[in-house]
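The values are calculated or read from the model by the stated rules, or taken from the named source; none is laboratory data. Keep in mind that this is a model prediction, so the values were computed, not measured. All Cβ positions, glycine included, derive from the backbone under ideal geometry; neighbour counts span all protein chains shown. Ligands, DNA and RNA are stripped out before the accessible areas are found, and what is left, the full protein with its side chains, is counted by its heavy atoms. Shrake-Rupley method; radii C 1.70, N 1.55, O 1.52, S 1.80 Å.
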Amino acid sequence: VRAAVPARWISRGPGGGGALFGPAISPHHPETLYADCDMSGRYRSLDLGRSWETLSFLQVQGGTLGVGVQFTSRSNVLYALDFSTIGGVDAVTPSKSTDGGQTWTRLANDPTDGDAWSLFADETTTNRLLVSGYSNLYFSTNGGGSFTDVFSTDDLLVAGAFFDGSNIFVGTRVGLLVSTNGGAGFALPSISGIPAGEAMISLAGAKEANTTRLFCVTLDTGDVYPGVTGAEHWSYRGVYRLDVGPGAAWVPVTSGISPDHLFFVATCRSNIHVAYAAGALDDPTHPVVYKTTNGGGAWNKVFRPVDNENIFTGWQGDGGDRSWWYGEYALGFTVCRGDPDRAAITDLGFIHLTTNGGVSWQQAYVYPGDQHPTNAPTPERKYYHGVGAENTSAWWLTWDDSNRVFACFTDIQGVRSTNGGVTWGFDYTGLDMNSTYQSVRHPSNESLYVSVSSVHDLYQSTYLQDGRIDGGDGGILFSTNHGANWSWLHDFNHPVAGLALDPNDPRCLYAAVVNSTNGGIYVTTNLQDGAASKWNRLAVPPRTEAHPYLVHVLQDGTLVCSYSARRTAAGAFTASAGVFVSTNRGASWLDRTAAGMMYWTKDLVPDLHDAGQSNWYACVWSGWGGPPNGLGGLYRTTNRGLAWTRINSLDRVESCTVDPANPQALWLSTETEGLWYTTNLQAATPTFLQVTNYPFRHPVRMFLNPFDTNEMWITSFGNGLRVGRITEPAPELTGLQEVPAGAVCVTARAEAGQEVILQTASTLMSQNWVNTATGTVLDSELIFEGVTPGFYRAAISP
């Protein structure tokens, strides 16, 4: 029996596509970056965005509050908010790292009890930090060991903080909060200049010589509250400057900005003249960054997306697969506190960086060699190497052949690969609906069929109510040329989730259509007629309320489908989910649902090792509050649903996959507890182990590459695609070339994404091989340049 768990999970995809918040640049190592995603990922780059890793969800998770990782006077001591689910309850907790961000520990004495809304650390020490709840501000002088409640007010939004020795300045919704005694006491001094009806949304500070200068951005007071994001840029009112001192007042500094809308302001700590502000262009809405070099006396636009004027683009850009409307507005912005020339902006899909003060910017979500020049249209239909910044939801993978693969996605529709998943792109026409959920390949005519929807994230927590789904559009598209061009097979005018081909009748295709009035399982029996095919709705299964999910057609013609969750307008779950079986081609249905499955069933998976197709697995979530809203876990039946056994009790099981090479091995995905597996599936109570090296909390489905079953691919709800090799192929050295100065250029061949170590020794039989260099294979070859002459061998990084 082969090994169960790959040594690493390599990120794959086109990069970007999901909302990013809270970028942060280390003042100690300016090539180290962090960014958060609303899908729970916290990303880190150690090479200025050329590659990214997702920090393990078992250590820390990201979120939407936009505070970002906080740096201190020591490079190894960091603070951040952790958005992890603890004991099944969502929580936001102050967290600390003492090893440079590799591992994180939640503060034991969290004063907010898991309801933190901001965290700001003193970058000149390691032990002073501010944490806010919804109404209270807390201060610690011992690295979060204990906190003092220093201020309270309704809707306490903390716009930013500047630590200046014994002076601490905190921007809040109700004004500038000031301590002059090292945090022992805080007060709201009367400072004029900001008109009534405006409130700070962002604050930054700097000190040079004897001048302490603060900048802030204001919105309408009614739009300032904890958790507000850059989407409220339309409420922008002004930018103000305050030079701290007796009788000082806020001074408006907006020359050059109108009519655009700003939300963020950021500075380098030691430069009072240079500041940046980010938000959105007025029309059309694009992300924008302004810069001042004279303390706000005048602002100039330095992030100029129109015509990609000074931006090296990926697949988003004027003329590209997506224009700048996709990013739309800033959701995060930062300036390196140690270098005013380094800044980063994040938006609804991407991250862009500058290292030259805004003279130019470059994308940081695809491989730099794939990006496009400034001041030129971004070309369409190109392929990209992802760099780990995969931050949107993937649902399904279909292999057309060993090289051509189609991936179904939320928001970015879908992506194609023509080289086995090494690069991905939007190389197709005719597919322009928000989400694709499932694709299937016809075994006879080789056409591809895909279900599409204008409603994203079906049957996740926020898309269960009819009111959020019924207005959606959708249908089925088909392609006869390997996904290069798509046409409508049938427009249902409603979202379509699952698809199933009949293995006994090439003319039949089934579809799960989602709509409270017209939803259900539909079928065509003249699929060969393409857009002229006729569709009929089958009988409605008992107690269901039009939320079908996946459909299967068994070898004997039996239909089996899962119906997923539904909530009323008031938020209550209805007992309308489960597993349903038809033995008469949908004329009637049998309810084959266990009691715990009646509220939120997800995937139904037949066991591919069971020739009689009587063994199935049902993946179930529990609703909020637990019973009677179901019992989450993995259920098994050995008699087509007549009886079920709950063989795993994880709260929310999304899907599962039986290993085609091992009937004892099954992979299991969950909403918040990551990836799991068992190697004794046939036991009455299988033992499941968590795959701790898979970094993301919400994998969706697991696919074994049908052309290379050594590859396990995983789609996810917010972390794109990953591939793991169950057995790592050994690399080989394929070339040596002498270069000037007595060095050698060594070429290694390995699989894409593998990390290869080049080892050298003075003799072939040496017992002392030395690790000389490490690199990651982009496509199939890796070149080590400038190597000292000797003997060489290659190994895979552990």
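Miscellaneous remarks
- Scanning the stretch 340-377 for residues that are touching a Ser or Thr at 6+ places or on another chain (Cβ under 6 Å), within 20 Å of T292 (Cα to Cα) and assigned to a strand (DSSP E or B) yields a count of 3.
- Total residues in the stretch 419-448, condition within 27 Å of the chain's Cα centre (by Cα), closer than 26 Å to N504 by Cα and open to solvent by 10 Å² or more (accessible area, probe 1.4 Å): 3
- Criterion (touching a residue at least 12 places away in the same chain (Cβ under 8 Å) and farther than 21 Å from Q438 by Cβ) met by exactly one of T544, T568, T558, T525: T568
For (1) open to solvent by 10 Å² or more (accessible area, probe 1.4 Å); (2) farther than 19 Å from S453 by Cβ; (3) not in a loop (DSSP other than H, G, I, E, B), each residue gets a yes or a no:
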{"residue": "T517", "(1), (2), (3)": "yes, no, no"}
{"residue": "Y522", "(1), (2), (3)": "yes, no, yes"}
{"residue": "D529", "(1), (2), (3)": "yes, yes, yes"}
{"residue": "K534", "(1), (2), (3)": "yes, yes, no"}
{"residue": "A539", "(1), (2), (3)": "yes, yes, no"}
{"residue": "P542", "(1), (2), (3)": "yes, yes, no"}
{"residue": "H552", "(1), (2), (3)": "yes, yes, yes"}
{"residue": "D556", "(1), (2), (3)": "yes, yes, no"}
{"residue": "V560", "(1), (2), (3)": "no, yes, yes"}
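- When the criteria are applied in full, H456 meets the requirement of being open to solvent by 10 Å² or more (accessible area, probe 1.4 Å) and either closer than 15 Å to A394 by Cβ or in a strand (DSSP E or B) (or both).
- Options M765, M712, M702: the member that is touching a Cys at 6+ places or on another chain (Cβ under 8 Å) and more than 25 Å from D370 (Cβ to Cβ): M702
- Hits in the stretch 44-69 - residues which are surrounded by fewer than 24 Cβ atoms within 10 Å (Cβ to Cβ) and not in a loop (DSSP other than H, G, I, E, B): R44, S45, E53
- Exactly one residue among G205, G182, G193 is touching a Leu at 6+ places or on another chain (Cβ under 8 Å) and either in a loop (DSSP other than H, G, I, E, B) or aromatic (F, W, Y) (or both), and that residue is G193.
- Count - residues of the stretch 568-604 that are over 24 Å from I469 (Cβ atoms), open to solvent by 10 Å² or more (accessible area, probe 1.4 Å) and not small (G, A, S): 5
- Sub-8 Å Cβ pairs linking a first residue in the stretch 307-328 that is buried (at least 21 other Cβ atoms within 10 Å of the Cβ) to a second residue that is basic (K, R), at least 6 apart or interchain, are I311/R304; W315/R322; W315/K382; Q316/R322; D321/R381; D321/K382, ordered by first then second residue.
- Whichever residue in the stretch 636-666 is in contact with a strand residue (DSSP E or B) (Cβ under 7 Å, 6 or more places away or on another chain) and surrounded by fewer than 16 Cβ atoms within 10 Å (Cβ to Cβ) and, among such residues, is nearest to H609 (Cα to Cα): P660
- For the stretch 14-71, filtered to residues that are β-branched (V, I, T) and at pLDDT 95 or above, the residue that is nearest to G133 (Cα to Cα) is T64.
- Tabulated pairs, the stretch 94-110, first part of a strand (DSSP E or B), second of a type in the set (V, I, T), C-beta under 7 angstrom, 6+ apart or interchain: P94/V131; S95/V60; S95/T105; K96/T105; S97/T103; R106/T93
- Residues of the stretch 250-278 classified as more than 12 Å from Y290 (Cβ to Cβ), out of contact with any Leu (no Cβ under 7 Å at 6 or more places or on another chain) and either without any contact (Cβ under 8 Å) to a residue 24 or more places away in the chain or not in a strand (DSSP E or B) (or both), total: 7
- Filter result for G742 (at pLDDT below 90, out of contact with any helix residue (DSSP H, G or I) (no Cβ under 9 Å at 6 or more places or on another chain) and not hydroxyl-bearing (S, T, Y)): yes
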